[in-house]
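One structure is given below, encoded as structure tokens.
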Number of protein chains: 2
Amino acid sequence: MISREKHDRMANAIRFLSIDAVEKAKSGHPGLPMGAADIATVLFSRYLSFDPKKPDWPDRDRFVLSAGHGSMLIYSLLYLLGYDDISLEDIKNFRQLGSPTAGHPEYGHAAGIETTTGPLGQGIGNAVGMAIAERKLAQEFGSDLVEHYTYALAGDGCLMEGISQEAISLAGHLKLDKLIVFWDNNSISIDGPVSLTDSTDQLARFAASGWNTLDIDGHDPDAIAQAIETAQKSDRPTLIAAKTVIGFGAPNKAGTSGAHGSPLGDKEIAGTRKALGWNEEPFVVPSDILDAWRLAGLRSVKDRKAWESRLAEAENDIRMAFERRMNGDLPGELEPAITAYKKKLADDQPTVATRKASEMALEVINGVAPETLGGSADLTGSNNTRTSQTKAITPDDFSGRYIHYGIREHGMAAMMNGIALHGGLIPYSGGFLIFSDYCRPSIRLAALMGIRVIHVLTHDSIGLGEDGPTHQPVEHMAALRAIPNLLTFRPADTVETAECWQIALEQGKRPSGIALTRQNLPTVRTDFTEENLCAYGAYDLVSASDAEVTIFASGSEIEIALEARRMLEANGHSTRVVSVPSFELFEEQSPEYKKAIIGDSRVKIAIEAGIRQGWDRFIGTDGLFIGMSGFGASGPYKELYEHFGITAKAAVKAVEARLHDEA
Amino acid sequence: MISREKHDRMANAIRFLSIDAVEKAKSGHPGLPMGAADIATVLFSRYLSFDPKKPDWPDRDRFVLSAGHGSMLIYSLLYLLGYDDISLEDIKNFRQLGSPTAGHPEYGHAAGIETTTGPLGQGIGNAVGMAIAERKLAQEFGSDLVEHYTYALAGDGCLMEGISQEAISLAGHLKLDKLIVFWDNNSISIDGPVSLTDSTDQLARFAASGWNTLDIDGHDPDAIAQAIETAQKSDRPTLIAAKTVIGFGAPNKAGTSGAHGSPLGDKEIAGTRKALGWNEEPFVVPSDILDAWRLAGLRSVKDRKAWESRLAEAENDIRMAFERRMNGDLPGELEPAITAYKKKLADDQPTVATRKASEMALEVINGVAPETLGGSADLTGSNNTRTSQTKAITPDDFSGRYIHYGIREHGMAAMMNGIALHGGLIPYSGGFLIFSDYCRPSIRLAALMGIRVIHVLTHDSIGLGEDGPTHQPVEHMAALRAIPNLLTFRPADTVETAECWQIALEQGKRPSGIALTRQNLPTVRTDFTEENLCAYGAYDLVSASDAEVTIFASGSEIEIALEARRMLEANGHSTRVVSVPSFELFEEQSPEYKKAIIGDSRVKIAIEAGIRQGWDRFIGTDGLFIGMSGFGASGPYKELYEHFGITAKAAVKAVEARLHDEA
């Protein structure tokens, strides 16, 4: 048992490491670690199940610092608990270039940082996703292998962001009873008291979404402990509203926004040391306190070892499946299954929308890869993301493999990040490409973290027709291509769709977005290739020696490009067609390959039913572009293509005018 | 008084116009208009204050169809009520190219469509913004000129989207008592029953945010009427949960997702006609019912005329100010004030961050333009959006000119759209550029609608330093530049910042985003020009005849460009520097101007602390680029610039290597 006196000193160790690190960096947020130190101390020293020496123990409890600006809380904890990745030196190098102790917690910088946070509200979404993954895997592998809690610490900002509503309402609906969220209820935001901007009764709000709610003094260790124990026994997710004082202990700044986001300053720090009875030099933790923390770090070693024994004793196929899944390795059956499917496509040559082609590919994938976890933001029938294998998960039955995420794109994407971060599952979503805007912050975080989530983005151009410009993406491919480390795909037919799916699944370290059509398209890859041609990013779909004209296109505009080619060839112009399913993969090819693909045709033209931005890479700034320059319109899609001049005829006309000019 | 029998037939007129239009278009959403027809009939025939012949009457009640897929509801109403812009022919051309009756309601297509909706949840945000504008203008001009209600009709999807939480929590906090939201509580979404995805007690949720809540049968006209009257008297915003049956009257599809988003089909339509006793041919409204609707359209003529008399009788300066403001004309004092300010800047040449330069410009602007309504998403001190004139609005006092929006970027942007749509105010926000991702759907809608909202986007690159990659925009300028009809700015100093602000204010028909630095920058426009050079989008900051090298740059990288130029000139390379504050404005210049600015230097190089995407327009695909190719990092900003090679030295090295290669 930890005495109150020891608790206070353990919590103060967090406070002063945080204060000192922020002060040394001359930058950072001391207020949250000071305010939440008591919560963190109780949770990490008495309840959280983890092992600093085996930080990737799959059945550890997860902890998400949703209020990521309080990063020094987690860095202090990781150092104190004995994680190897965060040394005292790292704490001293807080917010310095190359240090793992970045301004906000960055996934991958150090074990123990379960997710990248900072953009507010994201962590709550991640935590819900982790709790979903836990329950799903517990259902699949049994509680011997998977049974842990997911904790999050959220601030007022997290709760104000709309994404929190999406996440908590689904968590409540799904009765994620192993999810426990602390609300660091300090009543302060950057502009001043929260009362400047909000009067929400948060307990009532969470209760309205089916949560268990508790209201405690966040500086009372016994109350914190009791709340955790109550929450652990709840049959619903729990919000623990913990009333805290931001900058706890600072004589003048405590309880004010002055403690939030800047160093306290020498004088205030001296006052805080005095007020809290902490007489150590900066960065010094008394050895008895460091020992107490290190001891806390050893608390779950026995549990971890027992778990390892259970895994070792599990049936061979279960153990191997579990290990494969947690390693993120794909099943060996996947590649041959896709090859066989591609062979069949070359025979059948179906004309279907690529959203349907995606469903067909998923039918193959889901048949051999039990780790895929599908879903849609209430567009199942439109996104075609549900296959015969994917029964829906319900609050009372997690044996399914499909999540009805509801009309919650942003929450869905953040939850998917949490599912991927947990491990053992590959989440893929369903949504309209236009609504990638709604979940862009979470897609960006997936790219920044380098995690495998796959976004199925249907209705990918004016080709969706009558729903009109509010639903027609014109700039979204460009906007997604702008995000570093995100793979974007826009396949042209059934074969390319299968290939893009295969590549997306094979990316252990980055997210993908696959843009798909609503309208039907012919299969253009009529010759079977075992090789995945989409992996080149861009490739010769129709070659021509000494091509006078090269047409670059993607997705639904490949059909137009092929038609334009036929017309140009008929007029005596040797024409090549390059399919460009993925800009990013093309950039990763050798300089020689890229040069060859770009080629030296007299006329280069790109066709995509979106804006030009980005296409100059292929056609040069003097190249021709057939696409959109503004918003779409409501009408039958064939009329829209005519109206906006995205036709083979328009392409041919532009090419021949250019050839004429140059002649 | 309208009898129940007449009410039913009036509502059925909406239902069958909607059914028939969707059927003819073979596309659309009949379910909502059928389910919400009773609500709409009571509201529009008995309560909503408007005049179809003077649809821009400033003091009309506003109605927002947040569930925009139910567009036929509003088209039916506009036709029935006698608005000139929607004829029966237009109804028959629902969802056809060129028709005002687009798939979703498009602002500007017809009077009476107060906002563009379809992306769910946006309309609730717009409605909150309109209610804010109403209360603000009522405070300013008195209830003689401004006193009206704002109504919205929201679906389950609107309430599931996170943006709704941001909007309703601020509305509750601000006690927007003239805001009345109907929730079309039909328990159906696209994937099936709402119970698939949600168990939220919406009444409790809204009550938790300080709303008055009412629960009624949405097919009982008396209950609807009574609820509206109760809501009108409330001292808080009101949610009327109206239990409805989607596809009301359809024998097989009513109450199912089958009624939501596709034509009912001949047989089901015949059954619906029978069930509802509607024996008319398609698109035929019996003359007594059309008369009843047209009469309803005349209901507020007297009120409108009385209002016009009050306006005519108002004091001259009040009347003129009101008319100017509602017309969206800027005050005549603005231009000379900015010119005088620019003159002063040329004398003072201050070195400040452009976020500070923005505050300085705003101090001038807010001093002469009382219509600006500032704000920030809880980053007031960081965004520098508050000036001496802008006291904060509070729930009990709307005399201020500043809104603490809270940590609600998405809601803020949607509310700003509503404020702009209402008229009489020019909303500008404050946020970090990185969080433009959070509000991107609303920014896009502002661009699609063509309305004047101005987003202040500070901390615009790795220059923000220690907060790290979660907070460092690298792709955001490219992503914003991709949105059609959005003006983006990245000014380089105090003078450019003032000029960009002036241009943004002068845009009556499009939104702007101004990217601003956290770090200090010197004033580089040291020679006073009365002319607004930023209006060219790109211009010669430093000319050179027969320049061997042209450096294009924006914002904080202009300082680096000028330093590189000095170094290159010292090495004997004639070098020109082009400042590029706005890509979009540059594209609007004459071909000759653009050609001259691009020029024909042997080496073209662009410098921007973001990704290259879009810059090829200036430098060509073989041009040199100094910027970012991936995410940023946490550290002091000067070190980051060094680390990522965004320095004058790196630019000079690249240029000289290229000159050497070419020599």
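Here, each number is a calculation from the coordinates, and none is a lab measurement. Small disclaimer: the values here were computed from a predicted structure and weren't measured. FYI the Cβ positions are ideal-geometry reconstructions off the backbone, even for glycines, and counts take in every protein chain you see.
Relative to the longest principal axis of chain B, what angle (0 to 90°, nearest 10) does the C-alpha long axis of helix B:287-297 take?
Helix B:287-297 and the main axis of chain B meet at about 50 degrees.
How would you classify the range B:612-663 from its alpha-carbon gyration tensor, with a ≥ b ≥ c the square roots of the eigenvalues: rounded for a/c under 1.5, else prolate if a/b is greater than b/c, otherwise oblate?
Oblate is the answer for the range B:612-663, as a/c is 1.5 or above yet b/c matches or exceeds a/b.
Report relative contact order for the range A:170-272 in percent, whole number only (criteria: Cα-Cα under 8 Å, sequence separation at least 6).
Normalised by residue count, the contact order of the range A:170-272 is 35 percent.
Add +1 for every Lys or Arg and -1 for every Asp or Glu among the other residues with Cβ under 10 Å from the Cβ of A:A535, and state the total.
Computed value for this residue: -4.
Taking the radius of gyration and the Kirkwood hydrodynamic radius from Cα positions alone, what is the Rg/Rh ratio for the protein assembly as shown, to two decimal places?
My calculation puts Rg/Rh at 0.95.
So how many Å³ per residue does the convex hull of the Cα atoms of the range B:214-337 work out to?
245 Å³
Could you work out the Rg to Rh ratio of chain A, with Rh taken as the Kirkwood radius (inverse of the mean 1/r over all Cα pairs)?
Radius of gyration relative to Kirkwood radius: 1.04.
Which of the trypsin sites (Lys or Arg not before Pro) found in the range A:17-74 are loop residues per DSSP with 14 or fewer other Cβ atoms within 10 Å of their Cβ?
Answer by residue number: A:K26, A:K53.
I want the local charge near A:D156. Using Cβ-Cβ distances under 14 Å, sum +1 for each Lys or Arg and -1 for each Asp or Glu among the other residues.
Taking every other residue near A:D156 into account, the sum is -4.
Can you give me the Cα centroid spacing of the range A:574-605 and the range A:154-191 in angstrom?
47 Å
Based only on Cα atoms, what Rg/Rh ratio does the range B:295-425 have, Rh being taken as Kirkwood's radius?
Rounded to two decimals, Rg/Rh equals 1.07.
Using square roots of five times the C-alpha gyration tensor eigenvalues, list the equivalent-ellipsoid semi-axes of the range B:4-305 in whole Å, biggest first.
So the three semi-axes of the range B:4-305 are 28, 23, 17 Å.
Along its principal axes, what span do the Cα atoms of the range A:415-455 show, with the longest given first and each in whole Å?
29, 19, 12
Treat every Asp and Glu Cβ in the range B:322-470 as -1 and every Lys and Arg Cβ as +1, leave all other atoms uncharged, and give the resulting dipole magnitude about the Cα centre to the nearest 20 debye.
The calculated dipole for the range B:322-470 is roughly 220 debye.
In percent, how large is the relative contact order of chain B, given Cα pairs closer than 8 Å and 6 or more residues apart?
12 percent
Over the residues of the range A:536-662, compute the C-alpha Rg and express it relative to 2.2 N^0.38 Å.
Working it through for the range A:536-662, the quotient is 1.01.
Where in the range A:389-492 are there GluC sites (Glu not before Pro) that are in a DSSP coil and have at most 12 other Cβ atoms within 10 angstrom of their Cβ?
Sites meeting the loop and neighbour criteria: none at all.
Just the number, please: Stokes-Einstein D of the range A:150-266 in µm²/s, Kirkwood Rh from C-alpha pairs, 4 °C, 1.567 mPa s.
For these conditions, the coefficient is 87 µm²/s.
Which angle from 0 to 90°, rounded to the nearest 10, does the C-alpha axis of helix A:162-173 make with the longest principal axis of chain A?
The two axes meet at around 80 degrees.
Enter the angle in degrees (range 0 to 90, nearest 10) between the Cα long axis of helix B:316-327 and the first principal axis of the Cα atoms of chain B, meaning the one along which they spread out most.
The angle comes out near 90 degrees.
Across 10 Å bins from 0, what is the distribution of all Cα-Cα pair distances for the range A:421-485, in whole percents?
20, 49, 24, 7, 0
Would you mind ranking A:M72, A:M326, A:M412 so that the residue whose beta carbon has the fewest other beta carbons within 10 Å leads the list?
Lowest to highest Cβ neighbour count: A:M326, A:M72, A:M412.
Going by a ≥ b ≥ c, the root eigenvalues of the Cα gyration tensor, does the range A:333-515 fall in the rounded group (a/c under 1.5), the prolate group (a/b larger than b/c) or the oblate group?
Taking the square roots of the gyration eigenvalues as a ≥ b ≥ c, the range A:333-515 is rounded.
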